[in-house]
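The values are calculated or read from the model by the stated rules, or taken from the named source; none is laboratory data. Because the structure is a prediction, the values reported are computed rather than measured. As a convention, Cβ positions derive from the backbone with ideal geometry for all residues, glycine included, and neighbour counts pool all protein chains shown. Ligands, DNA and RNA are excluded from the accessible area calculation, which covers all protein heavy atoms including side chains. Shrake-Rupley method; radii C 1.70, N 1.55, O 1.52, S 1.80 Å.
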Amino acid sequence: MSHDVLDVRSNLVLTARERGKVIARRAGHNIWLNLGREYLALLIAYASFTPLKPERDDRIRYMGLGVGGTRQTSPAVANAPPILTAYPGSNGQVDTDPTVVRLERPVRISGSADPYPGQALDVWLGQVQAPADHVTATQVTFRRLFQQVDISYPPFLSVPISEIGLFTGAVSPNTHNNTMVAYDTFDTISKTVAFELEVAWTVRF
């Protein structure tokens, strides 16, 4: 007797462009976390029918970046001011561990240069484009374009990003320690004001 297995697969492509020219690209298979699996299980169920109420009603809304993870290849930058001061932590997380909960060392999209937790107006997550892309009926691609001044604003002239997370609309973009549903680490891209960073995150069922 055979058993069908619902397998959630994710592919991630990050592309850095300077005046339209591709200067860096990272591609890989990221991990759908245990929190993401719990999210999907609740998303397809009702909590009650009278009144009609789903167990969860949030959708994928944000992406966040960080300088954590074991694939950080610019430790001299990541572990020195101003990066270390504003974004302290270690680089121990891997993208093969489904128990990971948060970005290890999240960075701001915009805001201050304060150490965690920062200021109330800090923005830690970027909203994805809507509608999402559906190339086939069983997959969805979420996209986000990080502008030149995103992440790499003074005093952060070069930010060695090396991890990324996918988040639902249940979290706050003004909070640094949000829980996520999917995660990936990658060889460092040093984000500066010279280029934009486009992210395409595809989830297949």
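So how many residues does region 22-34 have that are surrounded by 14 or more Cβ atoms within 10 Å (Cβ to Cβ) and in contact with a strand residue (DSSP E or B) (Cβ under 9 Å, 6 or more places away or on another chain)?
Going through region 22-34, the residues surrounded by 14 or more Cβ atoms within 10 Å (Cβ to Cβ) turn out to be 24, 26, 28, 30-34.
Then drop every residue that is not in contact with a strand residue (DSSP E or B) (Cβ under 9 Å, 6 or more places away or on another chain), which leaves 24, 26, 28, 30-33.
Number of matching residues: 7.
State all residues of region 83-92 that are open to solvent by 10 Å² or more (accessible area, probe 1.4 Å) and part of a helix (DSSP H, G or I); if no residue qualifies, say none. Even if it seems obvious, please write down each step before you answer.
Restricting attention to region 83-92, the residues satisfying the condition of being open to solvent by 10 Å² or more (accessible area, probe 1.4 Å) are 84-85, 88-92.
Passing the criteria: Leu84, Thr85.
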Practice problem: Only one of these is of a type in the set (A, V, I, L, M), modelled with pLDDT of 95 or more and within 28 Å of Arg19 (Cβ to Cβ): Leu125, Leu166. Name it. | Solution: Leu125
Quiz prompt | Enumeration of residues in region 96-134 that are in a strand (DSSP E or B) and closer than 21 Å to Glu163 by Cβ | solution = Pro106, Ser110, Val123, Gly126, Gln127
Quiz prompt | Number of the condition not met by Ala47 [criteria: (1) open to solvent by less than 70 Å² (accessible area, probe 1.4 Å); (2) in contact (Cβ under 8 Å) with a residue 12 or more places away in the chain; (3) outside any loop (DSSP other than H, G, I, E, B)] | solution = (2)
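Residue by residue, here is whether (1) in a strand (DSSP E or B); (2) exposed (fewer than 11 other Cβ atoms within 10 Å of the Cβ); (3) modelled with pLDDT of 95 or more; (4) of a type in the set (S, T, N, Q) holds:
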residue	(1), (2), (3), (4)
Arg56	no, no, yes, no
Arg61	yes, no, yes, no
Thr70	no, no, yes, yes
Thr73	no, no, yes, yes
Pro81	no, yes, yes, no
Val94	no, no, yes, no
Exercise. Consider Arg37 carefully, then state whether it is farther than 22 Å from Glu196 by Cβ and among the charged types (D, E, K, R).
Key: yes
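How many residues are part of a loop (DSSP other than H, G, I, E, B) and modelled with pLDDT of 95 or more if we restrict to region 135-151?
Going through region 135-151, the residues part of a loop (DSSP other than H, G, I, E, B) turn out to be 135-138, 147-151.
Next, from what is left, pick out any that are modelled with pLDDT of 95 or more: 147-151.
Here the count works out to 5.
Listed residues Arg102, Arg144; which is within 17 Å of Leu12 (Cβ to Cβ) and among the charged types (D, E, K, R)?
Numbers: Arg102 fails: within 17 Å of Leu12 (Cβ to Cβ).
Step by step, each of Arg102, Arg144 is checked, and only Arg144 is within 17 Å of Leu12 (Cβ to Cβ) and among the charged types (D, E, K, R).
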Quiz item: Restricting the first residue to region 117-131 and requiring it to be surrounded by 12 or more Cβ atoms within 10 Å (Cβ to Cβ), which pairs with a second residue that is of a type in the set (A, V, I, L, M) meet a Cβ separation below 6 Å and a spacing of at least six or different chains?
Solution: Val123/Ile109; Gly126/Met63; Gly126/Ile109
Practice problem: Tally the residues that are closer than 15 Å to Asn177 by Cβ and under 16 Å from the mean Cα position of the chain (by Cα), restricting the search to region 88-108. | Solution: 10
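Looking at Arg105, Arg143, which one is closer than 25 Å to Val203 by Cα, among the basic types (Lys, Arg) and open to solvent by less than 50 Å² (accessible area, probe 1.4 Å)?
Working: Arg143 fails: open to solvent by less than 50 Å² (accessible area, probe 1.4 Å).
It is Arg105.
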